[in-house]
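Working notes, structure below.
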Amino acid sequence: HHVCFHPIQAITVYDQAITIFRKIPDTDFRAIASAYSRLGALFEKKGNCEASLHSWKKALKLHNSNSGSDSIAVGEILFHIGKSYDQLGNFDKSVGCFSEAVKIFRSKTEDSEMIGQALGFIGKSYARKKQYAKAVELSTESLRLQKEFADAGCIAESLVELGNILKAWGKTVQSIQFFEEALRTYEEAFGSDA
């Protein structure tokens, strides 16, 4: 039987858990890091990017000092920190976090879905800097990985993003091809009335 908390209640519970964990000698760092990660995810869901970033950074510090800076957990946390920086408009820090996460994932796992998502964020950042060739290269690799592992909605979103980058680059004909493929992908998955 699951208890469902309102996000504010859940945040309070995790804050209290962290306080208690910190008072108990020899508490496994993973319990505290997990609580910070859950707080980060809750704040992310609520749209509070600063609080989310703060929580993710605390989880990162615990994992860096206890499980090594190249662990899968560090890669996942860096991915979320990158998302927070992206939403706060700090694209250079965002790209740094996503790039480091991709490096960790490629060396440790075959988690191509997270790699694909991270490459998509990096591609968007290059597009914002008007470095369109690099943006298209990264977004194309992201799309390739998304087609292997993601659902139709994510694939359609990646196609639209690639279309937007090409449109901003002045390549309207190519952009329309990606928009049309996104529409077909969406309609095949959800129907034309969705």
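The values are calculated or read from the model by the stated rules, or taken from the named source; none is laboratory data. Quick caveat, the model's predicted, so the values are computed rather than measured. Note that each Cβ is placed from the backbone with ideal geometry, even for glycine, and that neighbours are counted across all protein chains shown. The accessibility values were calculated without ligands, DNA or RNA, using every heavy atom of the protein model including side chains. Shrake-Rupley method; radii C 1.70, N 1.55, O 1.52, S 1.80 Å.
If I filter segment 84-128 down to residues being in a loop (DSSP other than H, G, I, E, B) and under 25 Å from ALA156 (Cβ atoms), which single residue comes out as most open to solvent (accessible area, probe 1.4 Å)? Quick ask: steps written out before the conclusion?
Applying the first criterion (in a loop (DSSP other than H, G, I, E, B)) to segment 84-128 yields 89-90, 109-111.
Subsequent filtering for residues that are under 25 Å from ALA156 (Cβ atoms) retains 110-111.
Working: GLU110: 149, ASP111: 49 Å².
Among them, the one singled out is GLU110.
Which condition number in (1) closer than 30 Å to ALA51 by Cα; (2) open to solvent by 40 Å² or more (accessible area, probe 1.4 Å) is the one that GLU180 fails?
Result: GLU180 fails condition (1) only.
State whether the residues of segment 141-150 include one that is touching a Lys or Arg at 6+ places or on another chain (Cβ under 8 Å), part of a helix (DSSP H, G or I) and surrounded by 21 or more Cβ atoms within 10 Å (Cβ to Cβ).
Let us first name the residues in segment 141-150 that are touching a Lys or Arg at 6+ places or on another chain (Cβ under 8 Å), namely none.
No, every residue in segment 141-150 fails to be touching a Lys or Arg at 6+ places or on another chain (Cβ under 8 Å), part of a helix (DSSP H, G or I) and surrounded by 21 or more Cβ atoms within 10 Å (Cβ to Cβ).
The conditions are (1) crowded, with 20+ Cβ neighbours inside 10 Å; (2) at pLDDT below 90, and ASP193 fails exactly one of them. Which is it?
The one condition ASP193 does not meet is (1).
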